[in-house]
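Remarks on the structure that follows.
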Amino acid sequence: MRQTYTIALAGNPNCGKTSIFNHLTGARQKVGNWPGVTVEKKEGLLRHRDADLRIVDLPGTYSLTPFSMEEIAARDFVINEAPDLVINIIDASNLERSLFLALQILELGRPAVFALNMADTAQAKGIRIDEKKLSDLLGLPVVFTVGNRNKGIGDLVDRAIEEIRAFEKGKKTRPIRYGKEVEDSISRVLTILDSDPDPENIEALSRWNAIKLLEDDRIVKERILVRMSGAGEEAVAEAKACRKRIFDQFQDDFEIVLTEDRYGVIAGIVKETVTNLASRRIDMSRNIDLVLTDRFLGIPVFIFFIWAMFQLTFSLGAYPMGWIESGVGFLSARLDLMLEPSLFKSLLLDGIIAGIGSVIIFLPNILILFFCIALFEDTGYMARAAFLMDRVMHTSGLHGKSFIPMLMGFGCSVPAIMATRTLEHEKDRILTILMTPFMSCSARLPVYIVLAGSFFAHRAGTIIFCLYTAGILIAILSGRLLRSMFFKGEDAPFVMELPPYRTPMLKSLLIHMWDRSKMFLRKMGGVILIGSIIIWGLSNFPRNISYSVDYQGQIKQVMEAAETQMAAAEEKEQKILKDQVSHKIMEIENKREQERVAKSYIGRLGHALEPLFQPIGIGWRAGVALVTGFVAKEVVVSTMGVLYGVGEENGKALESALRKSGMTPLSALSMMVFVLLYVPCFATVMTIYREASARWALFNVIYTTMVAWAMSFLVYQTGCFLQG
């Protein structure tokens, strides 16, 4: 009979926990939020021999002290959900730092297995760990792993299942013992807690509760007072007395004394189990950092990497983009031949296929962009980017740590804004949230590719790079302005760990890339499909339009004149006349279509908005597309695809339609600047509302739109002035 177990993965940031989680669960993952907080929650399933395992990836944290949302989410899951086992992922090359969290996990009294991850990195640094002695000292299994190479993962799962079954048979955790004074205080509080009949107050957890009361943990204290009433009040009072006695004896708070004891235990464990031969090895990460984080070379190298990312996104993505575009054109042409003229045919070709087809062709570019971002993260370069940008970010009153959420905004603003929860100070967090929408998300990329590809050809990659750079600069300048207006105070200091460089594994990169791209695909069947249908409906109704010219009569006159000329012409001249007639008829039909769309509901809306967009060089069709972009930025392209009627054409249909519509390179540049800076999508606005407040969400909508219009006006009017 198969048994089902829940296993939690815990560990410090940059310990390789995500790599192990990806190898364990593969594509069988789901992502959401922890109940009550905006911290990302990852779960996956693993079938291993005779067991079904639910793997929960806890947020990366350095301790279980409830200061940040990550620490609270991790701790609450282990306590409230009571997983069958906790796998603590430990950076083998930095055992001393990792053991601080490990001891706190042991204090919870849950079954655990320690995975000494990145064993190859430790070995390269000359670090030798006696895992058998470490296992004996801690009373739990210890397994060496190399997460990014899938080494030791099978053994880790085997040992985890064995440990779970050993606890089912009665095995207990071995408590970590501290100094005499600390243990005496724990014993006093523990005696009171153990006298309570509360069935949830099991032996191991009661020791942890005693430690938390002595640390004056507000959350645990409130829970105990509610559950244990009289005994709880007695335990809290005893903890307070013990804290006073410890302070009188050591002139330090209990938390400080306990932390010193913890590090004393850690020092003893490290001395017993670790042999360090680091002096005989070369630290490759440090040597690489001599170049990549150099005060003079670091930023130019970083700029080059970002430029290369966008150049690769545009140039390499052009090939599969062309294949998908040809497929969309082929499908549209075949359906055009198969279906009789009708309203349904127009909806299918000009609405659904024109709308979705205009966006789905950019999937390869989105995949490449997310692959590059995952590459930066998995190699360890993302932390270096934050370190490099620290001095630049200080101009806006922030520090380099704020740049990581902003850099994530290149992918999607929603998780980027949620990532600001790692910032310790509320002012820094809100300011970073307000700056992040200026970082150009992947949803804007299709608009850039269409406009830059149409009007700037081979320089398109450089133009897109300049747009992203402009977004960073405007974000920083906005930060400086907003800081001086709303967030006055001293700058926070910047302390951040630089993880060692690692060789990324292709499987992990592909999982990261696919996870982030699924959102783009989900929009195809949701907001983009609905948006395309609505835009088609607004552009095709009302059906009875009074035209200013008798277009059908003009076509009839052209055909009659052509018949007369054809009768008197020779065979060679007849072919030329046919081409001329076809061209004239097409021109008349295009004029009729333009007038029809202009008099439709969406045309009326566009003309009403024209005075707003005219000073920045944007026509009414593009103006309507920008308005619909509030729902999702991908809808900008699908709206243009519908309004310019590219559903039944092949090749670079939308690009050709844009050039024929009278849009110029200058107006295209103005529109790209507006798309870069204006109001973020609805999902981002709602995320700002949840993470900050309704007031800041509304402020962001107004502020970003004002900045976008002002910068587009500056670009367009300056360009017009220079052109004479």
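State, as an integer percentage, the relative contact order of the range 3-168 based on alpha-carbon contacts under 8 Å between residues 6 or more apart.
23
Taking each pair of distinct Cα atoms in the range 314-359 once, what is the resulting Kirkwood hydrodynamic radius in Å?
By the Kirkwood definition, the hydrodynamic radius is 11.4 Å.
Here is the link list: Lys132/Lys171; Lys125/Lys271; Lys132/Lys169; Lys171/Lys212; Lys169/Lys221. Which ones come out longer than 27 Å on Cα distance?
Lys169/Lys221
Counting each pair of different Cα atoms once, what's the Kirkwood radius of the range 78-136 in Å, rounded to one decimal?
Mean inverse Cα-Cα distance, inverted, gives 12.3 Å.
So what's Rg/Rh here for the range 3-168, counting alpha carbon atoms and using the Kirkwood radius for Rh?
That ratio is 0.93, to two decimals.
Quickly estimate the mean residue ellipticity at 222 nm for the chain, helices only: each DSSP H run with n ≥ 4 gives -39500 (n - 2.57), and the total goes over all residues, rounded to 500.
-20500 deg cm²/dmol
Computed FRET efficiency, Cβ-Cβ of Ser315 and Lys171, R0 51 Å: what is it to the nearest 0.05?
Approximately 0.30, to the nearest 0.05.
What percent of all Cα-Cα pairs in the range 126-226 falls into each 5 Å bin, going from 0 up to the bin containing the maximum distance?
2, 10, 14, 17, 14, 13, 13, 10, 5, 1, 0
Please enumerate, by chain and number, the lysines with C-alpha under 26 Å from the C-alpha of Lys42, excluding those fewer than 8 residues away in the same chain.
Here the lysines satisfying the reach criterion relative to Lys42 are Lys17, Lys30, Lys151, Lys401, Lys507, Lys518, Lys523.
Within the chain, what is the longest stretch that has no chymotrypsin sites (Phe, Trp or Tyr not before Pro) placed in a DSSP loop and near at most 15 other beta-carbon atoms within 10 Å?
Formally, the longest exposed-site-free interval is 297-546.
Wrap a convex hull around the Cα atoms of the range 654-724, take a quarter of its surface area, and give that in square nanometres.
In nm², the orientation-averaged hull projection of the range 654-724 is 5.7.
Just tell me the longest site-free run in the chain, where the sites are trypsin sites (Lys or Arg not before Pro) in a DSSP loop having at most 14 other beta-carbon atoms within 10 Å.
296-487
For the range 3-168, what is the charge dipole size about the Cα centre, in debye to the nearest 20, if Lys and Arg each add +1 at the Cβ and Asp and Glu each add -1 at the Cβ?
That gives a dipole near 420 debye.
Hey, what's the per residue convex hull volume over the C-alpha atoms of the chain, in cubic angstrom?
219
Rounded to the nearest whole Å³, what is the per residue volume of the convex hull around the Cα atoms of the range 544-584?
Given the Cα convex hull of the range 544-584, per-residue volume reads 61 Å³.
Only the coordinates and a few stated rules stand behind these numbers; no lab work does. Given the structure is predicted, the values throughout are model-derived calculations rather than measurements. So basically every Cβ, Gly included, is an ideal-geometry build from the backbone, and we count neighbours across all protein chains shown.
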